[in-house]
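To start, the structure itself, in structure tokens.
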Amino acid sequence: MTNLQKRILTSLIALPLSIFFVVKGGYFLTFFLIFILFAGLHELFSSFKRGITIFFLSLILVLSLFSIYYLRSFNDNSEALLYFIIALCISSDIGGYVFGKIFKWKKLTKISPKKTISGVFGSYFFSIVCWSIFLETYYQNYLGVDVAISFRILLITIIFSTIAQIGDLTISYFKRLEKIKDTGKILPGHGGIFDRIDGLMFVTILASILHIIQI
């Protein structure tokens, strides 16, 4: 089985399960987040040697999981925001992967040799597609169409996609310092927990901050 086939198979199993726990909320979500926490901490102490790296990534992991729980716990639009964030990060990741594979343009940075400028455009393109679908399926049906809100969400979409890509590069930077390819092997074809939720961690933290200060 090729790495791509493993990647697809793992996604078909892990993604629906993750969505199930997030949508169910309550004890289901708590159990899921605790599992991610311990799996992530195990990866950190197994793969990384630098104390400052372990401390920083542990802090980011804890804050991101708390942010997910925080956003899911409210009965206002924070729940929809969380679903949107998850869909956006997945779209951004897929867009970067697809465009990077198809167009194979100039390399973006030495931090992550596989990242290309075309991949950046792909991430933004797929994120905007996600924004468009979100408007059609949520805001149009529940809140109605508002041009000002639409453009505000578009701006947030671009910001979140940028943060997701920066988060991806941040984890890649720490992996490069440790001279490792993946943070773990729990997700065949993807690597470890941090390889899969790198961008999502940073976006959820930012989203929870924005929600708290009501921007």
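The values are calculated or read from the model by the stated rules, or taken from the named source; none is laboratory data. This one's a predicted model, so the numbers in the text were calculated from it and none came from an experiment. Virtual Cβ from ideal backbone geometry, glycine too; neighbours counted across all protein chains shown.
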Subject >> Extreme residue, surrounded by the fewest Cβ atoms within 10 Å (Cβ to Cβ), among residues of the range 189-215 that are assigned to a helix (DSSP H, G or I) and among the small types (Gly, Ala, Ser) >> reply: Ser208
Subject >> Number of positions in the range 183-202 that are more than 16 Å from the chain's Cα centre (by Cα) and free of Cβ contacts under 8 Å to residues at least 40 places away in the same chain >> reply: 1
Subject >> Test: residue in the range 167-182 that is within 17 Å of Gly40 (Cβ to Cβ), among the aliphatic types (A, V, I, L, M) and either modelled with pLDDT under 80 or part of a helix (DSSP H, G or I) (or both) >> reply: yes
**OP:** Tell me, please, whether a residue that is in contact (Cβ under 8 Å) with a residue 40 or more places away in the chain, among the polar types (S, T, N, Q), closer than 15 Å to Gly184 by Cβ and exposed (fewer than 14 other Cβ atoms within 10 Å of the Cβ) can be found in the range 47-55.
**Re:** no
Original post:
When both residues are 6+ apart or on different chains and their Cβ atoms are under 7 Å apart, which pairs have a first residue that lies in the range 160-174 and is closer than 19 Å to Leu81 by Cβ, and a second that is small (Gly, Ala, Ser)?
Top reply: Ser161/Ser92; Ser161/Ser123; Ser161/Ser127; Ala164/Ser92; Ala164/Gly199; Gly167/Gly199
Subject >> Index of the failed condition, Ile111 passing every other in (1) touching a Leu at 6+ places or on another chain (Cβ under 7 Å); (2) in a helix (DSSP H, G or I); (3) in contact (Cβ under 8 Å) with a residue 12 or more places away in the chain >> reply: (2)
Original post:
If you check Ser64, Ser123, Ser91, Ser58, which single one turns out to be touching a Cys at 6+ places or on another chain (Cβ under 6 Å) and surrounded by 15 or more Cβ atoms within 10 Å (Cβ to Cβ)?
Top reply: Ser91
Original post:
Is there a residue being touching a Pro at 6+ places or on another chain (Cβ under 9 Å) and modelled with pLDDT under 90 anywhere in the range 112-130?
Top reply: no
**OP:** Name the single residue, out of those in the range 159-188 being crowded, with 17+ Cβ neighbours inside 10 Å, in contact with a Ser or Thr (Cβ under 6 Å, 6 or more places away or on another chain) and not hydrophobic (A, V, I, L, M, F, W, C), that is farthest from Ile117 (Cα to Cα).
**Re:** Thr183
Original post:
Among the residues of the range 70-81, how many are surrounded by 16 or more Cβ atoms within 10 Å (Cβ to Cβ) and either in a loop (DSSP other than H, G, I, E, B) or at pLDDT 85 or above (or both)?
Top reply: 3
Original post:
Hey, does the range 82-95 have a residue that's more than 18 Å from Ile163 (Cβ to Cβ) and part of a helix (DSSP H, G or I)?
Top reply: no
**OP:** Out of the residues in the range 96-111 that are at pLDDT below 85, more than 18 Å from Ile163 (Cα to Cα) and hydrophobic (A, V, I, L, M, F, W, C), state the one that is surrounded by the fewest Cβ atoms within 10 Å (Cβ to Cβ).
**Re:** Phe103
Original post:
Do you know which of the residues in the range 15-36 that are crowded, with 17+ Cβ neighbours inside 10 Å and of a type in the set (A, V, I, L, M) is nearest to Pro188 (Cα to Cα)?
Top reply: Ile36
